[in-house]
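Input: a single structure, listed below in structure tokens.
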Amino acid sequence: MKHILSKKMLILTITTLMILVSFSSFTTGNEEESQPKDYTHTVFVEVGTGSWCPSCPASNTQWHSYYVSGSYDFEYCEMVDSNSVADAWLSSHYNTHWFPTSYFDGGYDVVPGSSGLITSLNNAGDREVYDVEAEITSCAWLGTAQIDIEIEITNNEATTYNGDIRIYIIEEESTLWDDYNGNPYYHAFLDFALDQPISITSGNTYTTSTIWDGSSSYPGLTYDNCQVILAVFNDDFHQGYSDPPSGYPFTAYYSDDATSAHPVLDSGPPEISNAGATPSIQASGENVEISADVIDDAEVNEVKAVITDPDDTTFNETMTPDTGDTYTYDSTFSTTGVYSYYIWTDDVNGNQNISDVFTFEIMNPHITDLSPNWNFVALSLNQSISKTDLIVKYNAGDHSWDDAVTGGYVSDFIFGWDRSGQSYTFNNTLEPGYGYWVYAYNPCELWIPLMNANFDDYITGLKQNWNLVGSPGDENVSKGDLLIDGISWDDAVTGGYVSNFIFYWDRLGQNYDFTNILEPGYAYWMYAYLPCTLGQ
């Protein structure tokens with residue numbers, strides 16, 4: 001055993017302990033072979049040891065054999081004094097006097113040497129403890145000696161539990177330190193990943209997480225040769241002695257539970273769920289939020305929304321963390337039409353994943369500006385709408401159709417055109433591709449509620465004779481870009497499908513004129529010599 005005094009005393013100390021170790025190593029008898037009992041908790045053992053110590057290999061070997069047997073409910077670590085963190089801990093926390101010395105449950109029992117370890121282990125396992133449960137809920141290897149650790153501590157007591165939690169990082173078979181006999185230390189302590197006080201009210205669970213970064217100190221550490229140990233210590237004061245029964249005192253705070261986990265190599269991609277756009281239909285120039293929940297066994301590195309607009313232009317936008325596992329991207333969109341998007345993500349280990357493809361729609365709810373008198377109007381979307389769903393904007397106020405009629409802003413009568421009968425009709429529903437007469441008493445605007453616009457290249461079916469039409473889109477369409485039964489406008493005119501003249505209504509002058517452009521929200525007269533389809 002090592003007596004932590006001066007180097008002058010080292011030879012005498014080692015000689016004395018070699019005699020003790022020789023005796024204890026070969027006379028353990030039934031004490032070391034006794035059957036383990038059901039423990040009240042997982043016992044935690046810290047072993048003070050040193051590579052120069054002749055008596056320490058016996059302790060190293062015994063603790064390893066007990067642990068791998070699986071017969072005893074305990075966790076342990078070898079605090080090798082060549083590790084400056086371990087050496088400082090042994091001196092400041094335990095006032096360590098001899099090497100090796102095993103500290104059971106934070107000092108409930110202290111055993112210098114290698115004799116009586118199982119007896120003390122069983123005694124500690126029989127100890128009455130506070131009813132707390134320690135759990136490592138996640139232990140992910142991030143690569144290059146970095147571990148993402150998540151823990152939970154549940155207090156099942158009727159009162160508040162106060163104490164400390166410590167997370168120990170150990171190397172299962174040391175690549176850094178050998179014992180005096182040249183064998184590697186097992187469960188060699190490397191570092192604390194966490195050491196902090198806790199206070200948990202009755203019936204509650206404390207959760208926290210930390211990322212241990214040992215990349216600078218232990219770059220050679222591998223995920224399959226390390227272990228994470230969590231131990232929970234209460235704050236009840238006890239007097240402990242590193243040289244029992246009364247030498248080298250220290251303040252002991254006992255451990256009530258311990259658990260361990262091996263880091264898991266993160267080979268799977270992040271998981272994506274609950275992707276969506278809010279709102280799914282939005283007005284041009286207004287905000288849309290794309291969100292998704294993204295989780296990973298290790299750590300999410302980046303999340304992007306890959307968006308394709310109605311013009312087939314694709315752009316990648318970085319999503320930012322929101323609450324919990326949710327990531328969001330907020331923006332306004334001006335181009336009307338259907339946008340498609342999917343979520344792309346990767347984790348810190350380079351694993352990638354993409355979601356399904358989703359859509360949202362941008363539309364222009366403004367149909368047209370109405371002038372006082374008659375207005376020739378048409379819907380700017382490819383979907384029917386009842387006149388009672390129309391919105392009339394007047395004096396910066398939004399009015400329902402009925403309120404606008406009552407207020408004297410518009411007439412309640414909307415006139416359409418029967419293409420088959422070649423006569424005017426009263427209409428309560430506006431259909432895409434058709435034109436209508438609307439009378440306004442005051443300058444105002446005609447709007448529609450946010451709804452699925454169903455943009456496509458189809459305009460309407462023309463009957464033989466006069467047709468009152470409108471382009472169900474939000475952009476100007478040149479006459480030369482129109483298609484008749486799939487052929488160009490010029491060829492359709494030459495082929496005798498339609499007349500080359502398109503008439504529009506001048507709302508200000510209240511007269512007809514010729515036009516070569518179909519504007520959104522406006523209606524036009526077209527003459528067809530035979531039934532055909534109008535598209536673009």
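Laboratory data are not the source of any read-out in this text; all were calculated from the coordinates shown. This is a predicted model, so every value here is computed, not measured. For neighbour counting, all protein chains shown are included, and Cβ atoms are generated from backbone atoms with ideal geometry for every residue, glycine included.
A few points about this structure:
- The simple Förster model, with R0 at 51 Å and r as the Cβ-Cβ distance, assigns N442 and T313 a FRET efficiency of 0.80.
- Overall form of the chain per C-alpha gyration tensor (a/c, 1.5; a/b vs b/c): prolate
- Charge tally in the Cβ shell below 11 Å around E152, where Lys, Arg are +1 and Asp, Glu are -1, E152 excluded: -3
- A simple charge model with +1 on the Cβ of Lys and Arg, -1 on the Cβ of Asp and Glu and nothing else charged puts the dipole of the range 366-535 at about 400 debye relative to its Cα centre.
- Packing-based ranking of 351-363, 76-88 yields 76-88, 351-363, ordered from highest to lowest mean Cβ neighbour count within 10 Å.
- In this calculation the C-beta distance from D235 to V85 is compared with R0 = 30 Å, giving a FRET efficiency of 0.85.
- Listed peptides 159-172, 326-339, 414-427 by packing density, highest first (mean Cβ within 10 Å): 159-172, 326-339, 414-427
- Counting neighbouring beta carbons within 10 Å and listing from fewest to most, the residues E46, E519, E152 come out as E152, E519, E46.
- Rel. contact order, % - alpha carbon contacts under 8 angstrom, at least six apart, the range 271-363: 35
- If R0 is 51 Å, the Cβ-Cβ spacing of S92 and E286 corresponds to a FRET efficiency of close to 0.25.
- Between helix 56-69 and the chain: long-axis angle, C-alpha atoms, 0 to 90°, nearest 10: 50
- Each of S499 and S411 was given a label point 7 Å from its Cα along the Cα-to-Cβ line. The distance between the two points is 2.4 nm.
- Prolate/oblate/rounded call for the range 117-168, Cα gyration tensor, a/c under 1.5 rounded: oblate
- Positive end of the dipole of the range 271-363 (Cβ unit charges, origin at the Cα centre): among P279, G324, S291, the Cα lying farthest that way belongs to P279.
- Peptide packing: for 229-240, 52-63, the average count of neighbouring Cβ atoms within 10 Å per residue gives the ranking 52-63, 229-240, highest mean first.
- Cα gyration tensor, the range 409-472 - rounded (a/c under 1.5), prolate or oblate: oblate
- Relative contact order (%) - the chain, alpha-carbon pairs under 8 angstrom, separation at least six: 10
- Magnitude of the charge dipole, the chain, Cβ model with Lys/Arg +1 and Asp/Glu -1, debye to 20: 820
- Electrostatic dipole magnitude of the range 271-363 [Cβ: Lys, Arg +1; Asp, Glu -1; Cα centre; debye, to 20]: 280
- Helical runs assigned H by DSSP (4 residues or longer) give the chain a calculated mean residue ellipticity at 222 nm of -3000 deg cm²/dmol, each run adding -39500 (n - 2.57) before division by the residue total.
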